[in-house]
Amino acid sequence: MEAKYIKINKMAETKQKLPKWFNGSLYKTGESVKNPFSGEVYELNNVELSMYDFLMGCSMLFERSSNRVNDQMIDDYQKGIRWFRQNNPEAYMALLD
C-alpha cells in the first residue's frame, strides 16, 4: 500500500487579533485543518482556528436551518470571510475558497 503524503502549510507569522464583533470562542491553541476536497492541510494558530470554526459553524447553520438565519448572521459570516482573507490569504484559498 502506498503512503499518501500531504503538504502541511504553516500558519501566518503575524500576531493577529479577532475583531471586536466576533463573539465566538477563542481557542488557547491552534491545530491542523484539512480541506476535505483537496486534502491540503494547513496549520492554523489559535486565532485563525477560532475564526475558521466560527465560519464552518455558520456554514452548517445556513445549510441546515436556513429558516433560523438572520441578516446579522450573514453579515458576521461575510466579515469573517474578509478577516480570514486579509489575515491568512494562503489558508483562505486552501480551506475556504
> What ³J(HN,Hα) values, in whole Hz, does the Karplus curve 6.51 cos²θ - 1.76 cosθ + 1.60 give for region 82-97 when θ = phi - 60°, with x put for Gly and Pro?
Replying inline: 4, 4, 5, 4, 7, 8, 8, x, 5, 5, 4, 5, 7, 9, 10, 7
> So how far apart, in nm, are the two label points at Gln72 and Glu31 if each is 7 Å from Cα heading toward Cβ?
Replying inline: 2.9 nm
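Ranking Arg82, Arg68 by Cβ neighbours within 10 Å, fewest first, what do you get? Intermediate results must be reported in sequence, preceding the final value.
Numbers: Arg82 12, Arg68 9.
In increasing order of surrounding Cβ atoms, one gets Arg68, Arg82.
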> Could you state the principal axis extents of the C-alpha atoms in region 29-68, from the largest down, to the nearest angstrom?
Replying inline: 34, 23, 8
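If the only charges are +1 at each Lys and Arg Cβ and -1 at each Asp and Glu Cβ, what is the size of the charge dipole of region 46-97 around the Cα centre, to the nearest 20 debye?
Details: 5 positive and 8 negative charges, 20 e Å.
Charge dipole, region 46-97, about its Cα centre: 100 debye, nearest 20.
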> Considering amide H positions built from the backbone, and no H for Pro or chain starts, which residues 5 or more places from Leu44, or on another chain, come under 5 Å of its amide H?
Replying inline: Glu31, Ser32, Val33
>> Along its three principal axes, how long is region 8-95 when you only count alpha carbons? Whole Å, largest extent first please.
In response: 38, 31, 21
>> Per residue of region 70-80, what does 6.51 cos²θ - 1.76 cosθ + 1.60 with θ = phi - 60° give for ³J(HN,Hα)? Whole Hz please, x for Gly and Pro, Karplus curve as stated.
In response: 10, 4, 5, 4, 5, 4, 5, 4, 5, 5, x
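Coordinate-derived values only; no laboratory data. Since we're looking at a predicted model, the values are computed, not measured. FYI the Cβ positions are ideal-geometry reconstructions off the backbone, even for glycines, and counts take in every protein chain you see.
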